[in-house]
Amino acid sequence: MILVDPDKCTGCGTCEVVCSLKHVGECNPARSLIRALRYEKMGSYYFSVPVVCQQCETPLCKEVCPINAITQDPETGAYLVDANTCVGCRLCTITCPIGAINIDLQAKTAMKCDLCNGDPLCAKFCLPKAITYVKRDKRSLVQMREAAKKLSDRLTLIASGT
Amino acid sequence: MVYGWAGTILRIDLGMGKVSKTPSSEYTRLFIGGRGVNAKLMFEESKPGVSSLDPENPIIIGAGTLAGTGILCMTKHVITTRSPEQVPEGFTMQCSGGSLAAEMKYAGYDHIVIKGRAEKPTYIHIENDDIAFKDASGLWGKGVFDTNTILREELADPEVRILAIGQAGENLVRLATIEHEYRSGTGLGAVFGAKNLKAVIIRGTKGIKVHDPEAVLKINEELLETHKKNEREVIRLARERGEPEPSRYDKGYGTIGAIAKDYYFDYTEMGVVGYLEGFEWTDLDKTRGADWLKTRSYHDTGCCPFACAGLISVPGVGIGVMRCYPFWNLWQLKMTDVDKMFEATKLMSDYGIDNRNLCWTVSYLMKLHEMGLITVKDTDGIPMEWGSGDALIQTIHKLAKRKGFGAILADGPLQLAKKLGPKAEALFLQSRGQMSAGDELRTQVGYALAAAVDTRRSTENPLGGAYQIWERYLKKIGLEKEIKEAYARAKKTFGDEKAIVPWKWEGKPIMVITAQYGIVVDDTMGACFIGLGKFTDQRSPIKQLGTLPSPVGPVILDSFNAVTGLNVDKNYLISAAERTWNVEKAYNVREGSTRDDDTIGEGWHKWPITSGPHKGRVVDKAELEKAKSKLYELRGWDVDTGWPTKETYERLGLKDVAKNLEKLKKIPKKKKAS
């Protein structure tokens, strides 16, 4: 699954362009399945936060879908939207807790991250590693390690007296 | 099917409140996009003699052809107009990064031409096909930061991309800038101000098609691989030399770290301290960018993963972006308080002021103060003491608001120099009213030549690292063998090994021409040479020293073909660059420019470097003139007037330009064969 660390995101938007290029055949952040959303502070600077489907343990989008258009890929664990079944009723977009599933206005169906068959482009092209791909069962360990690293860095800083 | 381009040129008349759209394909075949098409549009859309602040002076925003296609570091937009900063006025353009170029194309436009003057303060809101003129009265008088915040709230869209001016642009300050995401460039802000135009806002959701998506992704993959390889090499070298583990700045992230002391002083010997004094300055270490960043860096942002617009946090000042120039500015003002320079930079970003030209001017005032040529009376009680950040900050406030001596400075530094008397004016270093870009010209005559013949009279880093050998530094790090190899290559390429010595004139004209076409190719594609340099093998220029690198940098040709599917060769891109350069020149020729205007500030010829290993060096004027003649010849220009000949225009497919100039008698007379 895809892990996101906004602390490392530079806001370059490469993830959005490569994602849309792969999934809808054009460079268009508006149709990308991952979005690097901007938060501007007092006009003088901004942060970007990548938002992408977290493949929930209890996928509300799947639960709420009245016509069972969302199914799970047994290989990658990704929840996939069947474009032929989806009618674009938007129930999933209302239910998703992080807003990571949306109606594509050109395809007129819901679209969400499909993990690119286990090799997600957004993670592949993210140089600062704000977006990384990990196996589902390794997720907590990766996050723990990241948090521990921050703590260890801070301790080193304190020890060096600066 | 058009691949790569958005397909449309948008023309906006602010006075009439009208818009029109034409296909960009009429221009792209010859000029490609970005800086190229902008140049041709500028020549066509402007009438001779129309001043920069006249409503009829067009201001043209162009997107780089590869911007928005997902290839790393293709992030630049170009703004072209007649410069309010130059005296006499002439062609100018700025090329800045950010996310505006991509958004323009997603909205459907390759170029936007704005003319006329709105009756009251206005901003233009472009969202795909919808173009709206909105009242900006409530924004007038506000800084760039406030303007951004208010506009995003008013439009309820945090994702809009904004080009805006601050108070300086509104007040028609000649040094005012147009700001986009903490990036700006040369002084163009007054052109917006004169049009009553506070901001241009763009939002696009249409997308761009590329010819070969697989190839585009492959190019990106290779860029990342090369970068990782380079990074491993930096780490390996550091370990081999027993140096501490390289920081991310040592690895090249962010321009601030990269331009810190090592590069500009130890390596290239090209920094300037004070008002052109040389570069031995005992306080230099206190300004080392990488050290300062260790405690001040807050978060990395930028238009590519290298994040050169890194966020800085300084207690008492707040958070903001430190651009790269401020480190040169510190040296120019002999300032060691980096925090204070950050405060000044933030202020200049908010007012929208060109920090490069302003800091040169303040440095000049400090020199005059030291020599006793001015007193505090001339500067409204502000003591212009070397190193004083407060002097800079107070000058910024006065300039933006046109208060006191700031009102004179607002009409251009040259006006202020004139007011201060003949002795002071004689010390003012300028060419066409602009000071140099911040590079030391007396140790780098190639830079001097490039600055003299540049179509916009000022450009940073015109030769890059690939042409000049800095032997003192290379010896220090033990690269004796590489030095010998470089000289051997230079002998082979230029017929003279002196060609790569920065202060020798041999070989410089052809280097300058090649490098200038390279810059135009980058500006046309929207490529950031700093970012791309880090993703490619250009990081080791030592291997290229002594050769004449192609103006088409690595990756650009492949990217262009993958995106457009046109399968051109590199000569196509170089021809477009030559054409662009000639049209930019044609604009200046039409406006009265001759060979005599191709100069650098007189001081570079008259004032020797006062200290350091290059003590005593000046730029030899006779040699510069000789090099100019050679360069004109190589370009196919008339040596007496410095004008392109009819044959040159025709060879480049610019018959219309030649015809236009012929009517104005601005085509050199044919010489009899001798």
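The values are calculated or read from the model by the stated rules, or taken from the named source; none is laboratory data. Everything quoted here is computed from the prediction, not taken from an experiment. In this analysis, Cβ positions are derived from the backbone assuming ideal geometry, glycine residues included, and neighbour counts consider all displayed protein chains.
Things to note:
- Within region A:59-82, the residues that satisfy the criterion of being polar (S, T, N, Q) and at pLDDT 95 or above are A:Asn68, A:Thr71, A:Gln72.
- Residue match in region B:6-23 (condition: out of contact with any Leu (no Cβ under 6 Å at 6 or more places or on another chain), buried (at least 24 other Cβ atoms within 10 Å of the Cβ), among the hydrophobic types (A, V, I, L, M, F, W, C) and within 22 Å of B:Asp354 (Cα to Cα)): no
- Selection of region B:209-234 for residues being within 27 Å of the chain's Cα centre (by Cα) and aliphatic (A, V, I, L, M) yields B:Ile219, B:Leu223, B:Leu224.
- Residues (buried (at least 21 other Cβ atoms within 10 Å of the Cβ), more than 9 Å from chain B (Cβ to nearest Cβ) and touching a Phe, Trp or Tyr at 6+ places or on another chain (Cβ under 7 Å)) located in region A:5-35: A:Cys15
- For region B:116-129, the tally of residues that are over 21 Å from B:Ile60 (Cβ atoms) and either among the acidic types (Asp, Glu) or not assigned by TED's automatic domain parsing to the domain that holds B:Ser52 (or both) stands at 1.
- Filter result for B:Thr28 (modelled with pLDDT of 95 or more, buried (at least 24 other Cβ atoms within 10 Å of the Cβ) and not assigned by TED's automatic domain parsing to the domain that holds B:Leu532): no
- Here the strands (runs of 3 or more DSSP E) wholly within region B:103-176 that include at least 2 residues being surrounded by fewer than 22 Cβ atoms within 10 Å (Cβ to Cβ) and of a type in the set (A, V, I, L, M) are B:130-135.
- Verdict on A:Thr85 being farther than 30 Å from B:Gly143 by Cα, of a type in the set (S, T, N, Q), assigned to a strand (DSSP E or B) and free of Cβ contacts under 8 Å to residues at least 24 places away in the same chain: no
- Residue match in region B:200-214 (condition: within 14 Å of another protein chain (Cβ to nearest Cβ), crowded, with 24+ Cβ neighbours inside 10 Å and either among the polar types (S, T, N, Q) or free of Cβ contacts under 8 Å to residues at least 60 places away in the same chain (or both)): no
- Looking only at residues of region B:604-621 that are over 27 Å from B:Asn582 (Cβ atoms) and of a type in the set (A, V, I, L, M), we find that the one that is modelled with the highest pLDDT is B:Val618.
- Checklist (1) modelled with pLDDT of 95 or more; (2) crowded, with 17+ Cβ neighbours inside 10 Å; (3) not small (Gly, Ala, Ser) applied to B:Asp390, failing item: (2)
- Candidate set: region B:215-252, residues that are over 19 Å from B:Val555 (Cα atoms) and among the basic types (Lys, Arg); chosen: the one nearest to the other protein chains (Cβ to nearest Cβ): B:Arg248
- Restricting region A:48-57 to residues that are more than 11 Å from A:Pro97 (Cα to Cα) and not hydrophobic (A, V, I, L, M, F, W, C), the residue that is nearest to the other protein chains (Cβ to nearest Cβ): A:Ser48
- For the condition among the polar types (S, T, N, Q), within 14 Å of chain A (Cβ to nearest Cβ) and touching a residue at least 40 places away in the same chain (Cβ under 8 Å), B:Ser349 qualifies.
- Counting residues in region A:36-47 that are within 14 Å of chain B (Cβ to nearest Cβ), surrounded by fewer than 17 Cβ atoms within 10 Å (Cβ to Cβ) and part of a helix (DSSP H, G or I) gives zero.
- Count of residues meeting criterion [buried (at least 19 other Cβ atoms within 10 Å of the Cβ) and either of a type in the set (Ser, Thr, Tyr) or assigned to a loop (DSSP other than H, G, I, E, B) (or both)] in region A:94-113: 5
- Taken over region B:295-325, the criterion of being away from chain A (no Cβ under 14 Å) and in contact (Cβ under 8 Å) with a residue 60 or more places away in the chain is satisfied by B:Cys324, B:Tyr325.
- Subset of region B:1-51 [within 26 Å of the chain's Cα centre (by Cα) and in a loop (DSSP other than H, G, I, E, B)]: B:Gly4, B:Trp5, B:Ala6, B:Ser24, B:Ile32, B:Gly33, B:Ser46, B:Lys47, B:Pro48, B:Gly49, B:Val50, B:Ser51
- Within region B:159-176, not a single residue is more than 27 Å from the chain's Cα centre (by Cα) and either at pLDDT 95 or above or among the hydrophobic types (A, V, I, L, M, F, W, C) (or both).
- Test: residue in region B:518-532 that is part of a helix (DSSP H, G or I), in the same structural domain as B:Glu471 (by TED's automatic domain parsing), in contact with a strand residue (DSSP E or B) (Cβ under 6 Å, 6 or more places away or on another chain) and charged (D, E, K, R): yes
- Pairs, first free of Cβ contacts under 8 Å to residues at least 24 places away in the same chain in region B:437-463, second of a type in the set (Gly, Ala, Ser), C-beta under 6 Å, six or more apart: B:Glu460/B:Ala437
- A:Ile2 passes every criterion in (1) farther than 15 Å from A:Cys122 by Cα; (2) away from every other protein chain (no Cβ under 14 Å) apart from (1).
Rundown of residues vs (1) acidic (Asp, Glu); (2) in contact with a Pro (Cβ under 9 Å, 6 or more places away or on another chain), yes/no style:
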residue	(1), (2)
B:Lys40	no, no
B:Glu56	yes, no
B:Ala67	no, no
B:Thr81	no, yes
B:Gln86	no, no
B:Gln94	no, no
B:Met104	no, no
B:Gly108	no, no
